[in-house]
Amino acid sequence: MSSAPTPTIARSRDALRQMRDQWRAKRAVIALVPTMGALHDGHLSLVDVARAKIGADGKVLASIFVNPAQFGPDEDFDAYPRDEARDLEMLAARGVDAVYMPPVDEIYSAGFATRIIVDELTGCLCGAARPGHFDGVATVVAKLFNQTRPDYAVFGEKDYQQLLVIRRMSRDLDLDVGILSAPILREQDGLAMSSRNAYLDAGQREIAGRLNTVLKETATRLASGDTVGAALGDAHARLREAGVTRVDYLDVRHARTLAPVNLRVPEDGTARLFAAIFIGKTRLIDNVPVETADNRPDA
Ligand code: AMP
């Protein structure tokens, strides 16, 4: 059991506004950590990034909202894991000041008819594989920003494309929220922590652990000058051999613009390798930097 104070829970915009007004009266800096719940240590590391930025006097506000607008019609919105009591316990133990848990109609009122479309960055990777996904993400994040009015918001590199899309939206729309990023937290075998890992049975979980190994080894090959075609071709084969049901995409892209890298990665270390795979019906994503000699941390 933790001795951390119980966070304030706001379920409506009104309750949220009241709390925010009190914080603002004390001139507290606010950091938002948006999540869809079913929390794991990866989410909690975002709370730590928020706290490190704003300090003990700041207010860390986590939100939990499973956003219907970012799920496709054949995706797992209904099945998405939900465990409010456990999530609240974990957030309390990590020292968040408040949790915003709106019901769907606090976000999408009757007749809701507006969508935010980020034209660049969204035509590839998950944007191509999940049509409309990033419109749903951008729209809900803009709404959460407007409702919570944070100074900062934290997003994980696990959803690297999402992080870039949010940064661009915030800049383009002058949302005036500092976007902070957090590195990917992984299980011991390298599998990126994800709420969706809960869908995997023991055999599938073992297969899932291969994804990061294959990505890291492929990134090393790319960094040492192998062609994209050869390295990705082998990676596809290895994932299939490992028992992956389907490779949704496996792609190397410019790390800031997501422009395609066609033949070989540039020497300046700006490339990143991205993957989405299905194991059974479960879709998992991961990404790793391609660390050429110029951008290795120890270079
Ligand atoms: P989600 O609940 O899946 O929407 O994720 C909420 C936030 O947590 C997003 O910014 C994710 O990128 C981030 N996140 C999810 N998994 C991880 C992880 N393994 N490491 C770091 N951040 C993560």
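The values are calculated or read from the model by the stated rules, or taken from the named source; none is laboratory data. This structure is a prediction, so every number in the text was calculated from the model and none was measured. Neighbour counts are summed over all protein chains in view; Cβ atoms, including those assigned to glycine, are modelled from backbone coordinates with ideal geometry.
When the residues of the range 124-153 are filtered to those that are charged (D, E, K, R) and under 28 Å from residue 247 (Cα atoms), which remaining residue is nearest to the ligand (Cβ to nearest atom)? Lay out the reasoning, then the answer.
First, pick out the residues of the range 124-153 that are charged (D, E, K, R): 130, 135, 143, 149, 151.
With under 28 Å from residue 247 (Cα atoms) added as a condition, the list becomes 130, 135.
Working: 130: 13, 135: 16 Å.
Among those that are charged (D, E, K, R) and under 28 Å from residue 247 (Cα atoms), it is 130.
Looking across the range 100-138, just one residue is within 21 Å of residue 78 (Cα to Cα), among the acidic types (Asp, Glu) and either under 20 Å from the mean Cα position of the chain (by Cα) or not in a helix (DSSP H, G or I) (or both), and that is 135. In this structure, does residue 188 turn out to be away from the ligand (no atom under 11 Å from the Cβ), over 26 Å from residue 24 (Cβ atoms) and either at pLDDT 95 or above or buried (at least 21 other Cβ atoms within 10 Å of the Cβ) (or both)? Yes: the conditions hold for residue 188. Taken as a whole, the structure leaves residue 273 outside the set of residues that are part of a helix (DSSP H, G or I) and under 24 Å from residue 185 (Cα atoms). The set of residues in the range 80-99 being crowded, with 19+ Cβ neighbours inside 10 Å, in a loop (DSSP other than H, G, I, E, B) and among the acidic types (Asp, Glu) consists of 97 alone. Restricting the search to the range 33-69, which residues are of a type in the set (D, E, K, R) and in a helix (DSSP H, G or I)? Result: 41, 48, 51, 53. Scanning the range 166-190 for residues that are farther than 23 Å from residue 151 by Cα and without any contact (Cβ under 8 Å) to a residue 40 or more places away in the chain returns 186, 187, 188, 189, 190. For the range 175-184, taking the residues that are closer than 22 Å to residue 258 by Cα and assigned to a loop (DSSP other than H, G, I, E, B), the one that is nearest to the ligand (Cβ to nearest atom) is identified as 184.
Here's the yes/no breakdown for (1) within 14 Å of the ligand (Cβ to nearest atom); (2) among the acidic types (Asp, Glu); (3) modelled with pLDDT of 95 or more:
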position: 5; (1), (2), (3): no, no, no
position: 47; (1), (2), (3): yes, no, yes
position: 51; (1), (2), (3): no, no, yes
position: 54; (1), (2), (3): no, no, yes
position: 101; (1), (2), (3): yes, no, yes
position: 105; (1), (2), (3): no, yes, yes
position: 112; (1), (2), (3): no, no, yes
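Here's a check for you: in the range 191-210, which residue that is more than 16 Å from the ligand (Cβ to nearest atom) and part of a helix (DSSP H, G or I) is surrounded by the fewest Cβ atoms within 10 Å (Cβ to Cβ)? Step by step, filter the range 191-210, then rank; the result is 202. Count of the range 26-42 residues, restricted to those that are within 11 Å of the ligand (Cβ to nearest atom) and either in contact with a Gly (Cβ under 8 Å, 6 or more places away or on another chain) or basic (Lys, Arg) (or both), is 1. Looking at the range 154-174, which of the residues that are closer than 17 Å to residue 117 by Cα and buried (at least 21 other Cβ atoms within 10 Å of the Cβ) is nearest to the ligand (Cβ to nearest atom)? Filtering the range 154-174 for residues that are closer than 17 Å to residue 117 by Cα and buried (at least 21 other Cβ atoms within 10 Å of the Cβ), the one nearest to the ligand (Cβ to nearest atom) comes out as 162.
Taking the criterion of being within 14 Å of residue 286 (Cβ to Cβ) and among the charged types (D, E, K, R), the residues of the range 145-200 that qualify are 157, 158, 159, 186, 187, 189, 196. Looking at 218, 213, just one residue is in a helix (DSSP H, G or I), surrounded by fewer than 21 Cβ atoms within 10 Å (Cβ to Cβ) and either without any contact (Cβ under 8 Å) to a residue 60 or more places away in the chain or acidic (Asp, Glu) (or both), and that residue is 213.
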